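Right, one structure below, let's go through it.
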Amino acid sequence: MRILVVGTGGVGSAFAAIARRRTFFEHCALADYDAARPEAVVAATDDGRFSAHAVDASSRDGVAELVRATRADAVLNAVDPRFNEAIFDACLDAGVTYLDMAMTLSEPHPERPYELTGVKLGDYQFERAARWEEQGRLALVGIGVEPGLSDVFARHAADELFSEIDEVGVRDGASLVVEGYDFAPTFSIWTTIEECLNPPVIWERERGWYTTAPFSEPEVFEFPEGIGPVECVNVEHEEVLLVPRWVECGRVTFKYGLGEEFIGVLETLHKLGLDGKEPISVKGVDVAPRDLVAASLPDPATLGERMSGKTCAGTLVTGTGADGQPRKTYLYHVVDNEWSMREYGSQAVVWQTALNPVVALELLERGTWSGAGVLGPEAFPARPFLELVADYGSPHGVLELDA
């Protein structure tokens, strides 16, 4: 297999650090707008299977040309989701497998944003699913950690742990601290603003998809492995759009442990208009306010040495167990930042995200996973994925709660 990774920020560089330990691929081309970034990652891997390239991720033709030049079989989209459409379409043009870790962007309903959905996450991609099917090509969307591993957990619960599922609720929390910064997000602030300030989506069998106000329905969830209680709130996320397509259940939610201070910062950015995506003129220079915020904050990929604590991604499933009894199970994956920095030189959040597309690509290369069209992780058998995650030295956990 020959792979092209578009984007060598925190997740792209962590992908390279993980993949270099595996033998399933022949070559991996790393590309970014600034060629110096992939060149630095390639130098760090010290592996002749990697090469560095420059590409404009917003150019459909430019991406397709690089796909052909590198003779890639599969492309991993590791840039901000605002570039998804160009990369997604370029992969279909070039006739290769596409993977991303965040789906195409949403647009709130123009009149009733906190009740009805407008353009949903991934709508652009699913509307083009027939074209991918006709070409016999696969677009595997949402294959990071959340979405991604969280969706695999839902599939595993449906296949092996439950006879009937009432709710699939993804719950994300952490005990991470960044020394020396009053405010330093551990993941892309561009993406964080997008998912946290958009109207959260909820799915119910009788109602379908609907929206609510940002940061609604707060609950305190007790996270495992010493992380402890964290208040979680509704946030827009891909799992809610993916899980109901392949997993029979009554309700799907996503709640994120943001914390009062983080929510306050996001609300302030929104009030000041600094979450805007459209460029405005500043002394004759056009700049998007959100890009300015991102440029003002430290690069999450560089924070690992200052970080301590753990991050947890997981899926809380409630319903009736395979034995016919009420069941409430939290399937989770925890990464300790000290471990990921020591073993891979990558901070915990980006390492945990990057692990899953590497696993998926290996399963695709083996032929264990296969398909055509636009598919989420739930469309594939979960057990081989979880077994391979453990083989990578990062097993998942299962926590049984009082049903």
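The values are calculated or read from the model by the stated rules, or taken from the named source; none is laboratory data. For clarity, every value in this text was computed on a predicted model and none was experimentally measured. With ideal geometry, Cβ positions are generated from the backbone for all residues, glycine too; neighbour counts draw on all protein chains shown. Accessible surface areas use protein heavy atoms only, side chains included; no ligands, DNA or RNA. Shrake-Rupley method; radii C 1.70, N 1.55, O 1.52, S 1.80 Å.
Per-structure values
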quantity	calculated
Scope segment 305-318; condition open to solvent by less than 10 Å² (accessible area, probe 1.4 Å) and of a type outside the set (Ser, Thr, Tyr); matching residues	CYS312, ALA313, GLY314, VAL317
Residues (within 14 Å of GLU195 (Cα to Cα) and of a type in the set (Gly, Ala, Ser)) located in segment 238-279	GLY257, GLY276
Whichever residue in segment 261-312 is free of Cβ contacts under 8 Å to residues at least 12 places away in the same chain and among the small types (Gly, Ala, Ser) and, among such residues, is nearest to GLY397 (Cα to Cα)	GLY264
All positions within segment 106-151 that are under 19 Å from ARG82 (Cβ atoms), open to solvent by 30 Å² or more (accessible area, probe 1.4 Å) and in contact (Cβ under 8 Å) with a residue 40 or more places away in the chain	PRO108, LYS120, TYR124, PHE126, ARG128
Top-ranked residue in segment 188-213 [being more than 26 Å from ASN77 (Cβ to Cβ) and in contact (Cβ under 8 Å) with a residue 40 or more places away in the chain; ranked as most open to solvent (accessible area, probe 1.4 Å)]	ARG205
Looking only at segment 43-91, and only at residues there that are of a type in the set (Val, Ile, Thr) and in contact with a helix residue (DSSP H, G or I) (Cβ under 6 Å, 6 or more places away or on another chain), the one that is farthest from ARG131 (Cα to Cα)	THR45
Identity of the residue in segment 143-194, small (Gly, Ala, Ser), assigned to a helix (DSSP H, G or I) and touching a Pro at 6+ places or on another chain (Cβ under 9 Å), that ends up nearest to GLU225 (Cα to Cα)	SER150
